[in-house]
1. May I ask you to sort 460, 209, 115 by Cβ crowding, counting other Cβ atoms within 10 Å and putting the fewest first?
2. Determine, at each q value in 0.11, 0.19, 0.20 (inverse angstroms), the log₁₀ of I(q)/I(0) that the Debye formula gives when each Cα of the stretch 344-457 is one equal point scatterer.
3. From a point 7 Å beyond the Cα of residue 127 in the direction of its Cβ, which residues of the stretch 5-49 have a backbone N at a distance under 19 Å?
4. Take residue 12 and residue 542, extend 7 Å from each Cα along the Cα→Cβ direction, and tell me the distance between the two endpoints in nm.
5. Express the relative contact order of the chain as a whole percentage, based on alpha carbon pairs under 8 Å and six or more residues apart in sequence.
6. For the chain, what Kirkwood radius comes out of the mean inverse Cα-Cα distance, in Å?
7. With labels modelled as points extended 7 Å from the Cα through the Cβ direction, what inter-label distance (nm, one decimal) is found for residue 499 paired with residue 140?
8. Beyond 20 Å, what share of the Cα-Cα pairs of the stretch 3-146 remains, rounded to the nearest whole percent?
């Protein structure tokens, strides 16, 4: 079924016409291919979130006329897309006898010197705009226009109007090693992987070590980490990395104080104070049950203040000043929000709270900034230090020989009371949040609580906020994973005070948003991965592929009607993995941890026995595929309880049998962890994003500096197995990982297992 199943009578209704006019879907097809039509009251509330009154039929008719008048009254759309290397036609509204002209100012401020021709329009019927008939013509954007964000100047008679002209490459090119083969890397939750030098939570220095060791010890070319977007300035910190306060800035709670240049020049008293605060966090490193961000941050923030107040050399201050200038209003927005949060407390949604009472232009905000200039600069400084340390980690990865290095994760949205929303509320829909309709993850649907970006504001501002965000991510990463990339095409909007099931899809201009990704990735020489799991229409998959954007192939999801596809049949343009952060690690999944969690938390809409039977049938089908394809011994499948590690091995060997351009192995699978990092549809019911890395017996993992020299990259004829298999080979895992991880750390374990496996 598809949207065309809506009746002619329904399609003729003013409400349906209005919704479709502004990109609000009035029906959809769910995961089970079931067809749904959106209720009128839901459509009315979604339209209200877009700033459109649709409360009655008369209001709907007025809105339709107003929107059409506005579109025909303008000369050109506020944002237009051009594909570099080809000619594109941009429609211009004109009078019946008018001929437009155009010029272009390039991104660098210089005029485009080429010729811009004018041609006929699209032949559509003239529109009656209050007695004036509006037709259209086209200006032809030349094929040789360079890539970038330019300004198109359009003139018709005595009217002039500008538009943002985004000139993008047609696709993101694969890295050279990916063109004829594949690259592989690790997936890791940064906060969960701690070293003996951590402050209770994994940090940017731990990331640097992980990257270098991943390359030198296992041959990996990237590490995919959780989002490191900006967080709250003081406790309590939001556990979920997918609910940041800003996607433009990065998380300064991951700073390693001792890695700051000024730490080395502290006075003896200040250094002792910092070291003492670090010692206070040491017990946190030994907790295998929960990550305690708040305790960590209370100590670390005090230490960072000591380092900040110690000052900087003139040279370092100059670098800091340049950073502030480069970040501009985005940094001021975040630093000011942090200052308000620090001095006035957390936003709480009440009308008397500062978040509701004041905005960026309020005199009270200006007075607070004047009252606490040092604290305001402290928050700017924290962001600078975080950016330095994250950049240093990426540079270390590249210096070690990684082709990609950091693969950053971009969250779907931001916290409704965060800096982005407070400083720039006009960028967001008011009265709606994003989520997902019922699916395999949660039968009750999901509400992620983030307010969606307004597609109307994006268009009128030249997608500036989105452009800056993507640019910032590629500044410190070799690849970007877009969580829920379907959101660049459509987002499930849920009106306030409604369940996640009572929403509607709102559509975005995916061509422009993918064009921005192509510009930034191409300029950085990077890779784009789109998390496209769940219900993905065929045209979305086709669009991603045509733009050179990789999707995601998760082994446990690669099935059709209960039969798992052989890895050889998977699509090449994908990042392939055994599991995701929304599933338990491989060992946990084999033990039905996902069933136990959902039953325990009451997340099932049907009988538990039914879901358990489904999970058992799914596992049977997976094992059948592994046996049929030669990845698993049939006897191991028959006696699976005794061969769990062998099955995990087989899952990873199967992964390597795919044509996918990127392959990812999970750190949790390497050490035998069974606990899930996240259970969709829960908040405090399950300790989401607070699970530290531990082994199968619950023994905490802390990495330690390794005395083992780096293992050189194996030649094709080497007896050393493919590195993807090394940390996951069952027999070695069963014999050595559990005690080795506990006593000597992951790096030693990997090196020891390499030697064991490579032996004849």
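Please treat every number below as a calculation from the coordinates, not as lab data. Here the structure is a predicted model, which means the values were calculated and not measured. We place every Cβ from the backbone using ideal geometry, glycine too, and count neighbours over all the protein chains shown.
1. Values: 460 15, 209 20, 115 7.
Fewest-to-most ranking of 460, 209, 115: 115, 460, 209.
2. With one equal scatterer per Cα and no solvent, log10 I(q)/I(0) is -0.62, -1.11, -1.14.
3. Within reach of a label on residue 127: 14-24.
4. It is 3.1 nm.
5. Working: 1463 pairs, mean separation 108.7, N = 760.
The value is 14 percent.
6. Numbers: mean 1/r = 0.0357 Å⁻¹.
About 28.0 Å for the chain.
7. Simple spin-label model gives 5.7 nm for this pair.
8. Working: 6375 of 10296 pairs.
Tail fraction, whole percent: 62.
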